[in-house]
1. What strands (runs of 3 or more DSSP E) lie completely within region 16-123 and have 1 or more residues being surrounded by 14 or more Cβ atoms within 10 Å (Cβ to Cβ) and within 17 Å of the chain's Cα centre (by Cα)?
2. Show the residue pairs meeting these rules: Cβ distance below 8 Å; 6+ apart or different chains; first residue within region 29-54 and in contact (Cβ under 8 Å) with a residue 60 or more places away in the chain; second residue open to solvent by 50 Å² or more (accessible area, probe 1.4 Å) and among the hydroxyl-bearing types (Ser, Thr, Tyr).
3. Considering only residues that are among the β-branched types (Val, Ile, Thr) and at pLDDT 95 or above, look in region 76-107 and name the one that is farthest from Ile19 (Cα to Cα).
Amino acid sequence: MSSFSVSLTAAQRAEVRHIATELAAIARSAEVLPGTIVSRRTHCGRAGCKCMAEPPEPHGPYFQWTCKVANKTVGRWLDSDQAVRYESWVANHKRLRELLSRLDAIGIAALEDDSRSARRRGGPNPATDDPGGVSARRLSRG
């Protein structure tokens, strides 16, 4: 933990408290599942099957959960009860990502405000200063 305090606005502090409360509630539930759940209806293609009739009546619905794990898509078939139960878990995961994105935005805003105030006070300016004799242009281009 840092030994100095970050200057956040009162509104930002209130939002951080709200986010922390919501994050804690989701964490306490332990009901978090990444990925998506979709409902699929299929046609088997057999002649005389109801899925080939006029009008067609596809088979299903079949529920499938999919998620990326180590850059591979994995999936599981779910029954209708599982689909209903785990849909809220997927929604919780999505909400966690939204909350973390909001915290990221608050942190970036705080850094930007801090950088601007450092420049006004005559502090270092990374755009023009050359720390250690290495130009910022060389660093940004690899």
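The values are calculated or read from the model by the stated rules, or taken from the named source; none is laboratory data. Note that the structure is predicted; figures quoted are calculated from it, not measured. Using ideal geometry, Cβ is built from the backbone for each residue, glycine included, and neighbour counts are taken over all protein chains shown. When the accessible area is computed, the model is the full protein with side chains, heavy atoms only, and any ligands, DNA or RNA have been set aside. Shrake-Rupley method; radii C 1.70, N 1.55, O 1.52, S 1.80 Å.
1. Here the list reads 36-42, 59-69.
2. Listed pairs, sorted by first residue: Glu31/Ser88; Leu33/Tyr86.
3. Of the residues in region 76-107, the ones among the β-branched types (Val, Ile, Thr) are 84, 90, 106.
From the residues that got through so far, the ones that are at pLDDT 95 or above too are 84, 90.
Numbers: Val84: 26, Val90: 18 Å.
Looking at residues that are among the β-branched types (Val, Ile, Thr) and at pLDDT 95 or above, I get Val84.
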